[in-house]
Amino acid sequence: MSDKKSNAMWGGRFADGPDAIMEAINASIDYDKRLASQDIAGSRAHAAMLAQQGIIDANDAEVIREGLLTVLSEIEAGNFEFSAALEDIHMNVEARLKEIIGDAAGRLHTARSRNDQVATDFKLWTRDQMDAAISGIDALIRALIAQAEAGADWVMPGFTHLQTAQPVTWGHHMMAYVEMLGRDMSRFKDARARMNENPLGSAALAGTGFPIDRHMTAATLGFDRPTANSLDAVADRDFALEFLSCASITAMHMSRFAEELVIWSSAQFKFVTLSDRFSTGSSIMPQKKNPDAAELIRAKVGRIFGANVALMMVMKGLPLAYSKDMQEDKEQVFDAADNLMLALAAMTGMVSDMTGNIDNLRAAAASGFSTATDLADWLVREAGMPFRDAHHVTGALVAMAEKKGCDLPDLSLADMKSVHDAITEDVFNVLTVENSVASRTSYGGTAPSQVRAQIARWKEVLK
């Protein structure tokens with residue numbers, strides 16, 4: 001595309017075209033062409049409103065509408081020639097529209113600016129990505145619930161500091177991630193509701209003197225209302241920052257689970273078997289089955305966190321209203337959205353396909369003196385001890401078992417009585433991991449009955 005064509009779009013202010021370096025740094029079409037459908041939707045709504053308000057002729061509006069649909073069909077078919085000389089998606093669409101329909105195309109930009117146009121396009125795109133993220137999180141939650149339901153009674157070790165702490169159920173562990181992801185979903189929904197205001201009609205920064213109807217374009221584009229301040233509307237990228245913030249927390253949660261899957265699938269743990277669909281082999285070691293999908297999900301967090309920080313840095317020092325710095329708002333959001341959706345899909349696939357190794361989970365749950373707290377609680381309930389005294393007695397029994405090279409249930413009653421005479425045969429009823437988890441019936445506890453109650457609650461939430 002010639003410089004003359006680019007200058008024609010700018011008007012008569014510039015006598016000379018930009019050189020190659022300026023064109024390269026100024027153009028955004030290589031990435032903002034992803035906004036094509038949103039740009040055309042916004043333009044169609046704007047043209048219809050201009051005609052409704054008598055600002056442009058109804059015939060011109062109809063020609064513009066048909067021309068825009070032609071441009072969209074060319075883009076969707078891959079037949080559209082994007083030009084860096086025309087800088088961005090807005091200019092590319094408008095230039096092609098003029099080629100198709102002639103001078104009527106020039107009426108489309110009445111009562112708007114590229115400033116409010118790009119804010120509208122980017123909001124529409126980000127809103128679509130929020131909807132996609134909510135759907136992806138919903139699918140992952142359902143996969144976790146299915147695992148929880150299958151293993152509501154399976155016993156496994158619960159950890160603190162990655163050390164065996166107390167027995168929990170597989171279902172309880174799965175439902176912990178359901179709670180995390182439920183908060184993630186609510187954050188996306190909150191952010192979506194907050195950002196759903198229409199910038200279109202704010203023009204460059206001060207609004208317009210044309211008698212436009214911003215409520216009409218808001219309704220057409222699915223916004224709840226127009227933005228209330230034109231300066232803020234064109235300067236705002238909070239909606240993109242909130243998307244990145246929500247995406248970062250969601251990715252962090254998935255990364256934590258991915259780390260557990262890497263550990264659990266190792267030969268040293270053997271808690272889970274991941275399907276071949278989400279594992280790879282080694283080029284030299286035939287026995288290897290690597291949890292590459294989990295490792296890549298764990299790594300995706302860096303890109304998403306980085307996008308969040310990058311956009312914060314772009315926005316932090318900008319005076320009102322629009323600055324060209326804000327052209328740097330999209331690439332990182334596009335990349336983060338792509339990687340979030342890929343991570344959600346991969347995690348959902350892994351969770352759906354993975355198999356818990358019940359015997360190994362149960363054996364690990366019974367090791368490491370995991371029922372020591374149950375013993376201390378028994379001493380409080382049955383022997384009437386203050387908890388601190390019961391804690392001390394239990395610690396002495398753990399030391400004894402460790403010295404004998406056995407676990408707590410393997411100590412004899414005589415051994416236990418040698419530490420405290422109030423201990424009776426009944427204590428052995430609380431030292432099995434099954435009884436331990438079954439006793440944790442407080443709301444939100446690990447008992448299978450509580451796990452099933454939370455599964456039922458979440459099934460209602462997801463209806």
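The values are calculated or read from the model by the stated rules, or taken from the named source; none is laboratory data. Please read these numbers as outputs of a predicted model, since none were measured by experiment. For neighbour counting, all protein chains shown are included, and Cβ atoms are generated from backbone atoms with ideal geometry for every residue, glycine included. Just so you know, the surface numbers come from the protein's heavy atoms only, side chains and all, with ligands and any DNA or RNA stripped out. Shrake-Rupley method; radii C 1.70, N 1.55, O 1.52, S 1.80 Å.
Report yes if M180 is touching a His at 6+ places or on another chain (Cβ under 8 Å), surrounded by 17 or more Cβ atoms within 10 Å (Cβ to Cβ) and either of a type in the set (A, V, I, L, M) or over 30 Å from I55 (Cα atoms) (or both), otherwise no. Yes: the conditions hold for M180. Looking at G78, G54, just one residue is open to solvent by 40 Å² or more (accessible area, probe 1.4 Å), on the phi > 0 side of the Ramachandran plot, modelled with pLDDT of 95 or more and among the small types (G, A, S), and that residue is G54.
The set of residues from region 423-452 being open to solvent by 50 Å² or more (accessible area, probe 1.4 Å) and closer than 20 Å to Y177 by Cα comprises R440, T441, S442, Y443, S449, R452. When the helices (runs of 4 or more DSSP H) confined to region 12-123 are screened for residues that are touching a His at 6+ places or on another chain (Cβ under 8 Å), none reaches at least 2 such residues. One residue stands out in region 101-116 among those that are open to solvent by less than 10 Å² (accessible area, probe 1.4 Å) and touching an Asp or Glu at 6+ places or on another chain (Cβ under 8 Å): the one that is nearest to E331 (Cα to Cα), namely L108. Of the helices (runs of 4 or more DSSP H) lying entirely inside region 188-283, those containing at least 3 residues that are crowded, with 21+ Cβ neighbours inside 10 Å and within 25 Å of the chain's Cα centre (by Cα) are 238-264.
The set of residues in region 75-127 that are under 32 Å from the mean Cα position of the chain (by Cα) and among the acidic types (D, E) comprises E76, E87, D88, D116, D121.
A Cβ distance below 7 Å, combined with a sequence gap of six or more or placement on separate chains, defines the contacts here; from region 49-67, residues that are farther than 25 Å from N92 by Cβ reach residues that are assigned to a helix (DSSP H, G or I) in the pairs Q52/M216; A58/A51.
Listed by position, the helices (runs of 4 or more DSSP H) enclosed by region 361-443 that each have at least 1 residues that are farther than 29 Å from V272 by Cβ and not assigned by the TED database to the domain that holds S266 are 372-383, 387-404, 413-419.
Checked against (1) more than 13 Å from the chain's Cα centre (by Cα); (2) open to solvent by 70 Å² or more (accessible area, probe 1.4 Å); (3) of a type outside the set (K, R), L342 meets all criteria but (1).
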